[in-house]
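I have placed the structure first, in the form of structure tokens, so that the comments after it can refer back to it.
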Amino acid sequence: MTKYVIDGGYGLSGEVTISGAKNAAVAIIPAALLVDGTCRIENVPEIRDVTLMLDLLRNLGADVRLINRNCVEINASKIRTTKADYDMARMIRASYYLIGALLGRFGSAQVSLPGGCNLGDRPIDQHTKAFKLLGANVDVQNGYVFADCVGRLRAAPVYLDVVSVGATINTVLAAVLADGLTVIENAAKEPHIVDLANFLNSMGANISGAGTDVIKVRGVKRLEGGAYTIIPDQIEAGTYMAAACACGGEVLIKNVIPKHLDCITAKLAEMGAEITEYDDALLVKRTAPLSKTNIKTLPYPGFPTDMQPQATVVLSIAEGMSLVTEGVWDNRYRYVEELRRMGAKIQVDGKTAIVEGVERLMGAPVRACDLRAGAALVIAGLAASGTTEVEDISHIERGYEHIVEKLQAIGAHIRRVDVPDGTTFAKAQ
Ligand code: EPU
């Protein structure tokens, strides 16, 4: 077993460089299946979800070459099968993008129902609805989604009943090579949707309106190879901003798009951070005590649900009572039980967490139950007095590139420790 061991209570200072966006990378990599030619993708984060997605493409027969740690070339001209490996596909959420991409390019897809973080019910009814509207037959059997069509998909109006990042991206993927103009209404507006559209447009697609709630995709006959650089990760940046805020100190967060962080910047400023914006960096400074505030998570440009656990940790040591309302997922408070081990005073009532700030958290052994929950526990450990051990860190390493090294570089006392199975941490020291 490997865990993070954190000696908390130190301020953070220095610089951290943000990696490419996970949720853009896991959409753009399968989108390369739509391209006739070689795509070179730069600023790809070196994280487990990306490695898995690349392996899924290799398994289909795509030629996937790592040029360096953050650059990959993909050529999908020799795809052998449109059936994705069952076990690999069910390990990540984004494997569902293989359905839209394979269906759009080859007219058939067989992909197991996706996995990913357990955040409550995660249906894919809007994805399958869109594929059917575009003329596909879609069926779920024995854990697989089967989708196929005769010839090319046909464009259609697609109204999404809920604002869904995944369904918006999957509809775009399916529509890019379809016959005619697909209009997606009530589309999600996250930065990674714009990034996917920019990637596809740079390869010859005709997509307009990405970043608004109406996206128009005019089908083209083929996409050509090219090079593209993925945007910086909004949530990774927000996580380091929250860490600086929780621990105090001064951290320069480099390689960001400040506009994507407006919602996070505004809330951390309400909590007492001083944030200075530069062209592609943010300086986060916190010297005064933290103040309470209320947060409600919403689709972009609202406060991101993927920052809810990290922000709740900051509020858990802020003066006063804060309310956090989860507006996207049914069950995203599973980490609260772990935070209570560290002395946090948080009550959860349905989608609302009532957070009564305490003066200090105390180190404790805790378990990451999902990716962002894990990041939140790391922040809690950094701010707490004493030692925190975070277990189940594989969740964290699915989505944060070199988190230990990046934190160490800004003064955090964190290390990755291998503990032989059956040994307690104390014995392994
Ligand atoms: N929904 C439906 N039907 C659908 C699809 C979604 O009812 O067919 C509902 C969901 O149950 C949820 C809401 O719509 O209540 C929003 O879900 P969405 O589809 O937007 O989420 P997702 O595409 O599955 C992506 C990110 C998540 C992030 C959400 C919301 C990826 C791979 N995952 O998930 O990221 O929380 O958007 O922004 O892009 C993370 O990175 O830690 C993470 C969980």
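The values are calculated or read from the model by the stated rules, or taken from the named source; none is laboratory data. Since we're looking at a predicted model, the values are computed, not measured. No Cβ is skipped: glycine too gets one built from the backbone with ideal geometry, and neighbour counts run over all protein chains shown. Just so you know, the surface numbers come from the protein's heavy atoms only, side chains and all, with ligands and any DNA or RNA stripped out. Shrake-Rupley method; radii C 1.70, N 1.55, O 1.52, S 1.80 Å.
The table that follows gives values for the structure above.
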quantity	calculated
Residue list for region 209-223, filter: over 24 Å from residue 106 (Cα atoms) and either open to solvent by 50 Å² or more (accessible area, probe 1.4 Å) or among the aliphatic types (A, V, I, L, M) (or both)	210, 212, 213, 214
Filtered residue count, region 178-204, keeping only those that are in contact with a Leu (Cβ under 6 Å, 6 or more places away or on another chain) and of a type in the set (A, V, I, L, M)	2
Meets criteria (of a type outside the set (S, T, N, Q) and buried (at least 24 other Cβ atoms within 10 Å of the Cβ)) for residue 393	no
Residue among 142, 118, 75 that alone is at pLDDT below 95 and away from the ligand (no atom under 11 Å from the Cβ)	142
Hits in region 317-339 - residues which are closer than 28 Å to residue 122 by Cα and touching a strand residue (DSSP E or B) at 6+ places or on another chain (Cβ under 7 Å)	322, 323, 324, 325, 326, 327, 328, 333, 336, 338, 339
Region 145-168, subset outside any loop (DSSP other than H, G, I, E, B) and open to solvent by 10 Å² or more (accessible area, probe 1.4 Å), residue nearest to the ligand (Cβ to nearest atom)	165
Qualifying position, being hydroxyl-bearing (Ser, Thr, Tyr), at pLDDT 95 or above, crowded, with 20+ Cβ neighbours inside 10 Å and not assigned by TED's automatic domain parsing to the domain that holds residue 74, among 171, 239	239
Residue in region 176-193 that is nearest to the ligand (Cβ to nearest atom), counting only those that are farther than 14 Å from residue 32 by Cα and among the hydrophobic types (A, V, I, L, M, F, W, C)	188
Residue list for region 22-68, restricted to those being within 16 Å of the ligand (Cβ to nearest atom) and among the polar types (S, T, N, Q)	23, 51
Matching residues, region 336-388, being open to solvent by 30 Å² or more (accessible area, probe 1.4 Å), in a strand (DSSP E or B) and under 19 Å from residue 10 (Cα atoms)	362, 365, 385, 386, 387
Inter-residue pairs, beta-carbon under 7 Å, first within 12 Å of the ligand (Cβ to nearest atom) and in region 94-115, second of a type in the set (Asp, Glu), 6+ apart	94/49
Inter-residue pairs, beta-carbon under 6 Å, first outside the structural domain of residue 160 (by TED's automatic domain parsing) and in region 121-147, second outside any helix (DSSP H, G or I) and at pLDDT 95 or above, 6+ apart	none
